[in-house]
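K.L.:
Before I ask anything, here is the structure I am working with.
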Amino acid sequence: MAIIELRQVEKAFPGKKGTIHAVNGIDLTVEKQDVYGIVGYSGAGKSTLVRLLNGLETPTSGVIDIKGQDVTKLAGKQLRDFRKKVGMIFQHFNLLWSRTVVENIELPLELAGVEKNKRREKATQLLKLVGLDGRGDAYPNQLSGGQKQRVGIARALANDPDILLCDEATSALDPQTTEEVLELLADINQKLGLTIVLITHEMNVIRKICNKVAVMETGKIVEEGLVSEVFRNPQQEVTKIFVQQDLEPKQNAADLLAEFVKENPNGDLVTLNFLKVNAGEPVISQAIRKFDVDISVVYGNMQRAGGNSIGTLTIQLIGEKAAVDQAIEFFKTQEVGVEVLHRGK
């Protein structure tokens, strides 16, 4: 069931050199309980899009339907009530430094006129949910970046929203803390049945948490679909760049491969690319059984995306030339990309 529908949404701003189309004719559907990622480089229009979703910006044209309401037609109390059901977390936390953690979480409830005892009860529950039980009396400057973002998440959940918007929520965090925050968001998605829309410029964030993704470029969505499908078979050049950047080895493999060839000159060195097939398929063990070859794994860079394994695996095949060639052809028949790096002597 769709909870967010955008139909031909545009947002234009006047600029010194003419009109800037920050969002340019976007159609988008987000289903209930999706963790929907929107990825793009700086200037792609991501942040403008998220501000349209929570009513902070009004579109120049088009329809923004959220839970059956056309947000473009809301004003006054109706708009304020709508925003209560759309939580928001930010890159730089946006906490009030003069307030304690629990008082920051209580703020949306205070603004909504909820009595003090109920505010404190709700905030205490949320502290436990985000893993900060016992830290309610601390001030933001006493917390780590990850803890500050957990407070931001708890505050965004105070009004029991149906939708949680995350605008570059992990960009200011180190890799380990990013993992922890993403795990928390995934847990909240499951426990509370929340729909999450996650804005980012990092494809690894999309891969780790989202089930669907839209790629933005110059105000338009140029590619969208299931995360596993987009990673396995990217269509647009910008998507291919994002995917490749996420999958490329985190260390320089060229020196490693050159050294391996020097030490093992007799085998064929081949890289298998698992972008178009589930890498869980036992193609290597099948090749060993089918053909008279020995296979050694030289270098691997495998990752998980949308429930599937994707990435590259560099192997060495040793055997008679005919058997090695047959094994390589077998990999191709299994829709595994094959790049021959080195032919043995």
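K.L.:
Return the distance in nm (one decimal) between the two label points of a simple spin-label model at TYR299 and GLN33, each offset 7 Å from Cα along Cα→Cβ.
P.N.:
4.2
K.L.:
Which of LEU56, LEU126, LEU165 moves the most in a Gaussian network model of the chain with Cα springs under 10 Å?
P.N.:
LEU56
K.L.:
Based on DSSP H runs of at least 4 residues, each adding -39500 (n - 2.57), what is the mean residue ellipticity at 222 nm of the chain after dividing by all its residues, to the nearest 500 deg cm²/dmol?
P.N.:
So the helix-based figure for the chain works out to -11000 deg cm²/dmol.
K.L.:
Relative to the first principal axis of the alpha-carbon coordinates of the chain, what is the inclination of helix 237-247, with its axis defined by its Cα atoms, in degrees from 0 to 90 and to the nearest 10?
P.N.:
80
K.L.:
May I ask you to give the percent of accessible area on the chain that is carbon plus sulfur, with a probe radius of 1.4 Å?
P.N.:
The C+S portion of the solvent-accessible surface of the chain is 47 percent.
K.L.:
Still on this structure: Tell me the trypsin sites (Lys or Arg not before Pro) within region 1-31 that lie in a loop according to DSSP and have at most 14 other beta-carbon atoms within 10 Å.
P.N.:
LYS16, LYS17
K.L.:
Okay, moving on. Under a 10 Å cutoff between Cα atoms, tell me which one of PHE274, PHE291, PHE90 has the largest fluctuation in the Gaussian network model of the chain.
P.N.:
Of the options given, PHE291 has the highest mean-square fluctuation.
K.L.:
Using amide H atoms built in the peptide plane, which far-off residues or other-chain residues are under 5 Å from MET88 H to H?
P.N.:
Here the answer is LEU165, since their amide H atoms fall under 5 Å of that of MET88.
K.L.:
Report, in cubic angstrom per residue, the convex hull volume of the C-alpha atoms of the chain.
P.N.:
Dividing the Cα hull volume of the chain by its residues yields 177 Å³.
K.L.:
By how many degrees, between 0 and 90 and to the nearest 10, does the Cα long axis of helix 321-333 differ from the longest principal axis of the chain?
P.N.:
Result, in degrees: 30.
K.L.:
Compute the long axis of helix 101-111 from its Cα atoms, compare it with the longest principal axis of the Cα atoms of the chain, and write down the angle in degrees, 0 to 90, nearest 10.
P.N.:
Orientation of helix 101-111: about 60 degrees from the principal axis.
The values are calculated or read from the model by the stated rules, or taken from the named source; none is laboratory data. Keep in mind that what you see is a predicted model, and the values were worked out from it rather than measured. Using ideal geometry, Cβ is built from the backbone for each residue, glycine included, and neighbour counts are taken over all protein chains shown. Accessible surface is based on the protein model in full, side chains and every heavy atom, while ligands, DNA and RNA are left aside. Shrake-Rupley method; radii C 1.70, N 1.55, O 1.52, S 1.80 Å.
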